[in-house]
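Notes to accompany the following structure.
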Amino acid sequence: MAEQVHRGRCACGAVTYEVAGPLRPVSICHCDTCRRQAGHQLAATNAALAALTIQGEDNLAEWQATPDAVRRFCRNCGSPLFWQRVGGSTVAIMAGSLDRPTGLSVSHHIFVAEKGDYYEIADGLPQHPHWPPR
Ligand SMILES: [Zn+2]
Ligand SMILES: [Zn+2]
């Protein structure tokens, strides 16, 4: 895969970022926490933490919904931007925050056991009740 620099930002622009290198295909999380925090499902790609450069990092707020992971979002506009496992070497980057064209596509759905009851998943892609099998 070609080394490409992707850029993204929150809705208000207080936080911008660049990520160099390959991005994983997008997974869509339907879990209760993503649904409530984002207002709907959350879509995320994934990259090496070392490949991510953040500008305006002071404007990021953090929330640990569970002790093992940190959600980072703009404290000004509230955009969810990053999800990191504590001590992990990768970072989930919310796909909606990336500038177009992303060159990405959705590969699967996770935590569909917790999905909202007001929509159907009809794209034919794999659906996992919780985390995908390793
Ligand atoms: Zn913002
Ligand atoms: Zn989730």
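Listed values, structure above:
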{"quantity": "Where Ala44 falls short, out of the listed (1) surrounded by 18 or more Cβ atoms within 10 Å (Cβ to Cβ); (2) assigned to a loop (DSSP other than H, G, I, E, B)", "calculated": "(2)"}
{"quantity": "Check on Trp63, among the aromatic types (Phe, Trp, Tyr), part of a strand (DSSP E or B), under 20 Å from Gln127 (Cβ atoms) and within 15 Å of ligand 2 (Cβ to nearest atom)", "calculated": "no"}
{"quantity": "Selection from segment 17-59 of residues that are under 20 Å from Ile121 (Cα atoms) and without any contact (Cβ under 8 Å) to a residue 40 or more places away in the chain", "calculated": "Thr33, Arg36, Gly39"}
{"quantity": "Members of segment 95-115 found to be of a type in the set (S, T, N, Q), within 16 Å of ligand 2 (Cβ to nearest atom) and surrounded by 15 or more Cβ atoms within 10 Å (Cβ to Cβ), listed by number", "calculated": "Ser97"}
{"quantity": "Failed item, numbered, when Cys10 is tested on (1) without any contact (Cβ under 8 Å) to a residue 12 or more places away in the chain; (2) in contact with a Leu (Cβ under 7 Å, 6 or more places away or on another chain)", "calculated": "(1)"}
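Values quoted throughout were computed directly from the atomic coordinates according to the rules given, and no laboratory measurement underlies them. On a predicted model such as this, the values are computed, not experimentally measured, just so you know. Don't worry about glycine lacking a Cβ; one is built from the backbone with ideal geometry, like all the others, and counts go over all protein chains shown.
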